Amino acid sequence: QVQLVESGGDLVQPGGSLRLSCAASRSIFSIYYMGWYRQAPGKQRELVASSTTAGSTIYADSVKGRFTISRDNAKNMMYLQMNSLKFEDTAVYYCNAITSSGDYWGQGTQVTVSS
């Protein structure tokens, strides 16, 4: 089992940057899959970026070249660096981890891109 807590969401202007953090309650070294998802009002939750212990990463087409996912196993943390933010990036961002014992989600952090 693992508990996930996101932080770093904020109000930012278009073109700005934010770094989201996801703190895990235990070691993430052996968690094969971790990802960031987002859900905008009236829309379904969608994958933003994912990372595996094998080193593979996947990005949604809409964020490629702007967002970077990373993991710090020593700190049990996962991050999402978001650059060149756009209005359409406004959403609640969720951290996800899939382990042998289940599929876990954080409570979400709000990112609002507005001028």
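A few comments on the model shown:
- Scanning the range 26-40 for residues that are within 21 Å of VAL111 (Cα to Cα) and part of a loop (DSSP other than H, G, I, E, B) gives a single hit, ALA40.
- Residue under evaluation SER30, criteria (1) of a type in the set (S, T, N, Q); (2) surrounded by 14 or more Cβ atoms within 10 Å (Cβ to Cβ); (3) over 23 Å from ASP10 (Cβ atoms), criterion not met: (2)
- Which listed residue is in contact with a strand residue (DSSP E or B) (Cβ under 9 Å, 6 or more places away or on another chain), under 22 Å from SER30 (Cα atoms) and buried (at least 19 other Cβ atoms within 10 Å of the Cβ), from MET82, MET78: MET78
Since every read-out is calculated from the coordinates, none of them should be taken as a lab result. Note that the structure is a prediction, hence the values are computed from the model and not measured. As a convention, Cβ positions derive from the backbone with ideal geometry for all residues, glycine included, and neighbour counts pool all protein chains shown.
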